[in-house]
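Read the figures in this text as sums done on the coordinates, not as results from a lab. Bear in mind that the values here come from a model prediction, so they are computed numbers and not experimental data. We place every Cβ from the backbone using ideal geometry, glycine too, and count neighbours over all the protein chains shown.
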Amino acid sequence: MEKTFLMIKPDGVGRGLVGEIVKRIENKGIKIVGAKLMTVSEDLAKTHYGEHSEKPFFGELVDFITSGPVFAMVLEGENVVEIGRTLVGKTNPAESAPGTIRGDYGMTVGKNIIHGSDSVASAEKEIALWFKEEEIIDYNLVTAAWVY
Ligand code: UDP
């Protein structure tokens, strides 16, 4: 079964949106197999956003992600990378449809509430970067029979 990585950023945690976002994930039929509230070291932030290291916003992005706790999650489900991105919305909240997390809660690209892996390959990389193997739990959701 496919897995993806979602992370509620410091603005989402600070605004008290963890419950609201987790509710959307559960209601959708997605299984949460890993979750933790954590602070992000500068090293982790720079590795996670490594592909943006040459961009003008990189410094601000690292400062922002390390500025307060984040809520990191590993999610499991069929096609969950694409479905996760659909729930998250577009990078710029102004272009994100209502009903998406960024569309409903975000106003600016610099504080867009949540991260979601953009491909199966980056999901695998990000899960390995953020979670230890023993932090990912294998269990059955009885509701799965009604989702699939
Ligand atoms: N970002 C930013 N300014 C920009 C573009 C991106 O602050 O002009 C931040 C924003 O938080 C975004 C993150 O950098 O979520 C990563 O950018 P990416 O293009 O990978 O978007 P995402 O995959 O998060 O939608």
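A few comments on the model shown:
- Selection of the stretch 29-80 for residues being of a type in the set (D, E, K, R) and either outside any helix (DSSP H, G or I) or crowded, with 16+ Cβ neighbours inside 10 Å (or both) yields LYS31, LYS36, LYS46, GLU54, LYS55, GLU76, GLU78.
- Restricting SER96, SER119 to those that are more than 9 Å from the ligand (Cβ to nearest atom), touching a Gly at 6+ places or on another chain (Cβ under 9 Å) and among the hydroxyl-bearing types (Ser, Thr, Tyr) reduces the list to SER96.
- Exactly one residue out of GLY84, GLY89, GLY106, GLY110 is out of contact with any helix residue (DSSP H, G or I) (no Cβ under 8 Å at 6 or more places or on another chain) and within 12 Å of the ligand (Cβ to nearest atom), and it is GLY84.
- Taken over the stretch 37-88, residues that are within 22 Å of THR4 (Cβ to Cβ) and basic (Lys, Arg) amount to 2.
- A search for C-beta distances below 8 Å between a residue of the stretch 79-92 that is within 16 Å of VAL147 (Cα to Cα) and any residue that is within 12 Å of the ligand (Cβ to nearest atom) and of a type in the set (Gly, Ala, Ser), counting only pairs 6+ apart in sequence or on different chains, returns GLY84/GLY116; GLY84/SER117.
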